[in-house]
């Protein structure tokens, strides 16, 4: 799910995964592996957001549609 959001952000920002990995100070292979598994903790999500110049917002959406 988060990997999909990264893909969308990269398209909108006209960047590729190599650009993002460089901005994050990580290897392209490490980024590819994390995206393939969609395995990001909150700290890593924040690092992605910062590298993209974006704001990370985490919400819970309840069954009745309420967001908290």
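Brief remarks on what is shown
- Sorting 48-54, 22-28 by their mean Cβ neighbour count within 10 Å, with the most densely packed peptide first, gives 48-54, 22-28.
- 13 Å reach of a label modelled at residue 24, 7 Å along Cα-to-Cβ, counting backbone N of the stretch 31-68: 31-53
- Cα point-scatterer Debye curve for the chain, base-10 log of I(q)/I(0) at q = 0.26 Å⁻¹: -1.23
- The relative contact order of the chain comes to 28 percent, based on Cα pairs under 8 Å that sit 6 or more residues apart.
A short reminder: the numbers here are calculations on the coordinates, not readings from a lab. From a predicted model like this one, the values you see are computed outputs, not experimental measurements. Cβ atoms come from the backbone with ideal geometry, glycine included; neighbour counts cover every protein chain shown.
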